[in-house]
4 protein chains.
Amino acid sequence: MRIDLNSDMGESYGRWTLGDDHALLDVVSSANVACGFHAGDPAGMLRTLSNAADNGVCVGAHVAYHDLAGFGRRFVDEQPADLKADVMYQLAALEGLAASVGARVSYVKPHGALYNRIVHDERQAQAVVDAIVAIDPALGLLTLPGSVVGEIAAAAGLRVFREAFADRAYMPDGTLVPRTQPGAVISDVDAVAARVSRMASAGEVVAIDGSVIPVAADSVCVHGDSPSAVAMARAIRARLDADGFDVRAFAADAV
Amino acid sequence: MRIDLNSDMGESYGRWTLGDDHALLDVVSSANVACGFHAGDPAGMLRTLSNAADNGVCVGAHVAYHDLAGFGRRFVDEQPADLKADVMYQLAALEGLAASVGARVSYVKPHGALYNRIVHDERQAQAVVDAIVAIDPALGLLTLPGSVVGEIAAAAGLRVFREAFADRAYMPDGTLVPRTQPGAVISDVDAVAARVSRMASAGEVVAIDGSVIPVAADSVCVHGDSPSAVAMARAIRARLDADGFDVRAFAADAV
Amino acid sequence: MRIDLNSDMGESYGRWTLGDDHALLDVVSSANVACGFHAGDPAGMLRTLSNAADNGVCVGAHVAYHDLAGFGRRFVDEQPADLKADVMYQLAALEGLAASVGARVSYVKPHGALYNRIVHDERQAQAVVDAIVAIDPALGLLTLPGSVVGEIAAAAGLRVFREAFADRAYMPDGTLVPRTQPGAVISDVDAVAARVSRMASAGEVVAIDGSVIPVAADSVCVHGDSPSAVAMARAIRARLDADGFDVRAFAADAV
Amino acid sequence: MRIDLNSDMGESYGRWTLGDDHALLDVVSSANVACGFHAGDPAGMLRTLSNAADNGVCVGAHVAYHDLAGFGRRFVDEQPADLKADVMYQLAALEGLAASVGARVSYVKPHGALYNRIVHDERQAQAVVDAIVAIDPALGLLTLPGSVVGEIAAAAGLRVFREAFADRAYMPDGTLVPRTQPGAVISDVDAVAARVSRMASAGEVVAIDGSVIPVAADSVCVHGDSPSAVAMARAIRARLDADGFDVRAFAADAV
């Protein structure tokens, strides 16, 4: 049995540090590396890329809206041509930096508000897909199952990978429980580890109403931006190892 | 006889436009394209790169300090590791964007305060050279004859090209008359055109004291950020054409 | 008869210039001065404020989303607390700079995407009103008649002023014809000048379907970001002068 | 006996947090609050100002070069007119935000590279003094004893306050041991607390060569950007309390 764990990395900026990249590189098989638009200065990007390469962790481009103050978490109503160019710039920069330290970018995971927006916004989704095709059509796309951007990417010939979330509750229809609702985020470490193991082995999860629903995941997202998040990430990895999983990058074959 | 004319381009940013790139592309053989740190948003960079490719104009990376408010004209005392990474990021981004529109980056011309600083600052000069080597050692470097960065680049195996300035007065020792001194900038169009022609044919120029000095130039810089600058650039090109020069990119053989 | 003409000013940034503030200061009675978030560096803001004071032109704060790359023309989904603080920061900065050169900020005109958003978005409208109240409740608010932000501001005790647009076509219901529709922008200088005169004297305008509708305007917006815009602004002013209007700031009584 | 302790605060930015402001507000009597140019988003500035007011801590403006990526720690060769305007903008913004939450800015402490530069650079020092005079001549200036900016500020009629550093070693001539030299920073908590107590009571400190030198300090700077820094700050405060000092803002009389 094989599963991938991914996490956001390289989200420091200048004097400000965020997340424990060092700890996470022992846990995950895929690293979503910030590209400078929501986080990530060039020197920090180089360090993250180099560390990922040293640890054999697969690299993805964590492209975002151009909004440091908002950390890419605010929707920005960019025109598609501008968004396409912004994403191309980020992809090109990360690919070049990666190559300089012996790493290689294998996939794209849009960040924050952009990730959520292109689940349903066709124009911005098309812009992101166009950007990937223009810079490197060998890059895969990591997105929610059923997203608009996934459909557009597949139609454009890109490889599309499905993401699940370790600590998020699911609605019976397979969508995520909105963060504004009670129970949206699961904080019990053992429960989360068990959920991930079940997702990875059986392709299913218990939804918030108690029903068992299918969750097809090529990769499971774990967080590392707080001490408790790192502890949870480690617990998930330990459980998967104990359960005999091969934790390996979904995009590994392309590396 | 062969000479190259270069000019800064792509220095608009969002709503703000600067320079007449369209007019200049008919005049010059090399375009120094802004990379987003002192000017140049990604969508504008793509347009400039595409236009340069359409006009057969060679592309250089106009890398700069990260300072939009100062337009890269203020020295920033960056640590070498940070400066190296900043330059790498810009080179990688521009190369990737260029490739997507069928253009190719052939050389690096540092911009503004960075250009001037690394004429004599060894640490920052080394950082810029290290960045070029790390991203693409096939890139040439365009700099002042006798500059520290030129020496370091040559020692690192990079191709180094010498730049002269169309409208700047020279000291008897071959350095530029500082802008703070009277006569530093020559505004007579015909006089400037004649100077460039003499530089290109005889490798010499009349210094501010009337003496004739050698000026070895692989490329001559012309400006295009005002209507009068465009008029001067056109006059220079017309004079060179009339005098039978082959106006061609110094880096053309590498394209 | 009395009317106010307002225009955006101070929208240069560092090396980039935009608009002909000098020409406009002879035309308008109110200047919407950029506050640094979509345009306007501090040194330029000081120049604009000083020039406005010298010309007896009333100053408004042209507050915006924090988005230089997008020039404040893209909706940014900011949380109300962040938006309120961003607007407070801009108001405070502009008021302090104004006081230092003998000018005084009399009103607030939100810029671009923020202006349009708070015509209908209650949460962001409330945030802008809260910011004004927190920094200086003596400031007036200039907005579209019927806007949500106007209602909220009036309820909060702020003075609310209604704005009309010189060169925009109106729908029969008094809203603006969207820019995406044909005929949305009127380019005939004499026609525009006549419209403004009629708005100011009779409080009415001919809508796009030919019907005559009421347009209650305390101030009419003119543009100055191109040579033709300046020519139109001058024509409007000349017409108003010829028709005997007293062109005077709506907020003048508060100065 | 009376002494002031000051510390940098409000240096978070958007998603990134830095320093333990909450802990420091129990320790210090003066808070240097970031103004948005090296750190500090508006919403965070408001929180810091509000917390300072609640704790009766005096507020200073921590003005800086406009350089988020460099956290204001890199010298930027700004022209005096631009630097003056940048500092004015920051002072005006902070004063306005402070007033809105019942706080008041009492002094200016330049940050990082600007602090160090204007110890000796007359042009930039003059620009900072001009900015203070233009916005609010009642503001004091906190700087190194003997600095050029202190002399210029005093000549301009500003109140000037002298700063000492808790954990930095001194040269026999009273200047700081450069950070690049061994022994420049003292990490022993008790030793630092004892040094501060001696500075505050006897106006003297043991220099790096063992000699006792005078250190006239109106305020002593303590750090809070790491757990060990907070521990040291608390130890210093405990020692001063135990030794019977009145820890009170140097600018308190103006509040």
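Percent of Cα pairs in the protein assembly as shown per distance bin of 10 Å, from zero to the largest separation: 2, 10, 17, 21, 22, 17, 9, 2, 0, 0.
Taking chain C as a Gaussian network of alpha-carbon nodes connected by springs under 10 Å, the highest mean-square fluctuation of the residues C:Gly19, C:Gly40, C:Gly210 belongs to C:Gly210. The helix-only estimate of mean residue ellipticity at 222 nm for the protein assembly as shown, built from DSSP H runs of length n ≥ 4 each weighted as -39500 (n - 2.57), is -11500 deg cm²/dmol after division by the residue total. Annotation: lysines with alpha-carbon distance below 22 angstrom to A:Lys84 (same-chain offsets under eight excluded): A:Lys109. Please name whichever of C:His66, C:Val101, C:Ala125 sits farthest to the positive end of the charge dipole of region C:39-140, dipole taken about the Cα centre and charges placed at Cβ: Lys and Arg +1, Asp and Glu -1. Result: C:Val101. Evaluated at q = 0.09, 0.20, 0.22 Å⁻¹, the base-10 log of the normalised Debye intensity for region B:79-215, with identical point scatterers placed on the Cα atoms, takes the values -0.33, -1.11, -1.21. Shortest first, B:Ala242 label-point distances to identical copies amount to 4.7, 8.7, 8.8 nm, with the label point at 7 Å from Cα along Cα→Cβ.
Accessible area per residue (1.4 Å probe, heavy atoms of protein chains only) ranks C:Arg234, A:Arg15 as C:Arg234, A:Arg15, with the largest value leading.
Per the Debye formula on identical point scatterers at the alpha carbon atoms of region B:84-151, with no solvent, log10 I(q)/I(0) at q = 0.21, 0.24 Å⁻¹ is -0.83, -1.04. Of B:Met171, B:Met45, B:Met199, the residue with the greatest mean-square motion in the GNM of chain B, using alpha carbon springs below 10 Å, is B:Met171. A label point on C:Ala231, set 7 Å along the Cα-to-Cβ line, lies at 2.0, 7.2, 7.4 nm from each of its counterparts in the other copies, closest listed first. The smallest convex shape that holds all Cα atoms of chain C, its convex hull, gives 116 Å³ per residue.
The heavy atoms of C:Tyr107 present about 0 square angstrom of accessible area, all protein chains included, probe 1.4 Å. With contacts taken as Cα pairs under 8 Å and at least 6 residues apart, chain B reaches a relative contact order of 22 percent.
In what sequence, largest accessible area first, do A:Ser187, D:Ser197, C:Ser201 appear using a 1.4 Å probe?
A:Ser187, C:Ser201, D:Ser197
Only protein atoms count toward the accessible area here, which uses a 1.4 Å probe; on region A:2-254, the carbon and sulfur part of that area reaches 49 percent.
What quantity of accessible surface, computed with a 1.4 Å probe and excluding non-protein components, is buried in total between chains D and A, in Å² to the nearest 100?
Rounded to the nearest hundred, the buried surface is 1300 Å².
Fully extending the segment from B:Ile213 to B:Arg248 would add 10.2 nm, taking 0.36 nm per residue of separation and subtracting the current Cα-Cα distance.
Each principal axis of the Cα atoms in region B:134-219 has its own extent, and those three values, largest first, are 42, 27, 20 angstrom.
Using R0 = 51 Å, the C-beta based FRET efficiency linking A:Ser228 and B:Gln181 works out to 0.20. Of all residues in chain A, the one whose Cβ lies closest to the rotation axis carrying A onto B, together with that distance in whole Å, is A:Ala93, 2. Scanning chain B for long hydrophobic helices, with DSSP H runs required to stretch 15 angstrom or more by C-alpha along their axis and to average at least -1.0 on the Kyte-Doolittle scale, returns B:42-54, B:80-100, B:122-135, B:189-202, B:227-242.
Proximity of backbone amide H atoms, modeled 1.01 Å from N, is registered between C:Phe161 and C:Leu141, C:Leu142, C:Thr143 at under 5 Å, excluding neighbours fewer than 5 places apart on the same chain.
Which whole-number value in Å² is the accessible area per residue of chain C, probe 1.4 Å?
On the way: 9280 Å² over 255 residues.
Accessible surface, normalised per residue, equals 36 Å².
With the convex hull drawn over the C-alpha atoms of region B:41-110, the volume per residue is 85 Å³. In nanometres and ascending order, the distances from the A:Gly183 label point to those of the other copies are 5.6, 6.6, 8.6 (point 7 Å from Cα along Cα→Cβ).
For the options D:Ala235, D:Ala202, D:Ala31, a Gaussian network treatment of chain D with springs between C-alpha atoms closer than 10 Å singles out D:Ala202 as fluctuating the most. Over 18 Å apart: what share of the alpha carbon pairs of region B:1-141 falls there, rounded to a whole percent? Above the 18 Å cut-off, region B:1-141 has 51 percent of its Cα pairs. For region B:1-71, the equivalent ellipsoid derived from the alpha-carbon gyration tensor has semi-axes of 21, 13, 10 Å in decreasing order.
Can you tell me the FRET efficiency between B:His22 and B:Asp188 if r is taken as the Cβ-Cβ distance and R0 is 22 Å, rounded to the nearest 0.05?
0.30
Placing +1 on each Lys and Arg Cβ and -1 on each Asp and Glu Cβ, with no other charges, gives the protein assembly as shown a dipole about its Cα centre of roughly 0 debye.
In whole angstrom, region D:159-204 maps to an equivalent ellipsoid with semi-axes of 18, 15, 9, each derived as √(5λ) from the alpha carbon gyration tensor and ordered largest first.
Length gained on full extension, B:Ala154 to B:Asp241: 28.1 nm, using 0.36 nm per residue less the C-alpha separation. Under 1.5 on a/c is rounded, so check that first for region B:197-255, then, if it is not, pick prolate when a/b is larger than b/c and oblate when it is not; a ≥ b ≥ c are the square roots of the alpha carbon gyration tensor eigenvalues. In terms of gyration-tensor shape, oblate.
The values are calculated or read from the model by the stated rules, or taken from the named source; none is laboratory data. Every value quoted in this text rests on a predicted model; they were computed, and no experiment measured them. Here the Cβ is made from the backbone with ideal geometry for all residues, glycine too, and neighbour counts use every protein chain on show. Surface accessibility is based on the protein's heavy atoms, side chains included, excluding ligands, DNA and RNA. Shrake-Rupley method; radii C 1.70, N 1.55, O 1.52, S 1.80 Å.
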